[in-house]
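Right, I'll just put the structure down here and ask away after.
Coordinate-derived values only; no laboratory data. All values derive from a computational prediction rather than experimental measurement. So basically every Cβ, Gly included, is an ideal-geometry build from the backbone, and we count neighbours across all protein chains shown.
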Amino acid sequence: MANHKSALKRIRQNVAKRLRNRYYHKTARTAVKALRGEEDKAAATEQLSKVISLVDRLAKKNIIHKNKAANLKSKLTKHVNKLA
């Protein structure tokens, strides 16, 4: 167990950040899943910009890797463009 006040504070901070990051990551995954299930091109196009924004924010905060973000955005864009 930690012996210093600063170490105890760091543990509290890490727990809070971990929970916050998990929430953001789960929210983005749910949005991606919803976009992949979308059948209507107009609705999908509208959702795409929001999902890309979420993914970019995750990459900026190092919750996901920047290459993973790029791959996700590319695949989602291809999916939306393929809709009729």
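Yes or no, residue by residue, for (1) in a helix (DSSP H, G or I); (2) surrounded by fewer than 15 Cβ atoms within 10 Å (Cβ to Cβ):
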| position | (1), (2) |
| --- | --- |
| ASN21 | yes, no |
| ARG36 | yes, yes |
| GLU39 | no, yes |
| ALA42 | yes, yes |
| SER53 | yes, yes |
| ALA69 | yes, no |
| LEU76 | yes, no |
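For the list (1) in contact (Cβ under 8 Å) with a residue 12 or more places away in the chain; (2) surrounded by 14 or more Cβ atoms within 10 Å (Cβ to Cβ), I need the number of the one condition that ALA59 fails.
ALA59 satisfies every listed condition except (1).
To continue, here is another question. Which members of segment 44-60 meet the condition of being more than 15 Å from ASN21 (Cβ to Cβ) and small (Gly, Ala, Ser)?
Of everything in segment 44-60, those that are more than 15 Å from ASN21 (Cβ to Cβ) and small (Gly, Ala, Ser) turn out to be ALA44, SER49, SER53.
Give the residues of segment 55-67 that are part of a helix (DSSP H, G or I), among the basic types (Lys, Arg) and touching a helix residue (DSSP H, G or I) at 6+ places or on another chain (Cβ under 8 Å), sorted by residue number. Show your work before the answer.
Of segment 55-67, the ones part of a helix (DSSP H, G or I) are 55-60, 66-67.
When the remaining residues are screened for being among the basic types (Lys, Arg), the result is 57, 60, 66.
Matches in segment 55-67: ARG57, LYS66.
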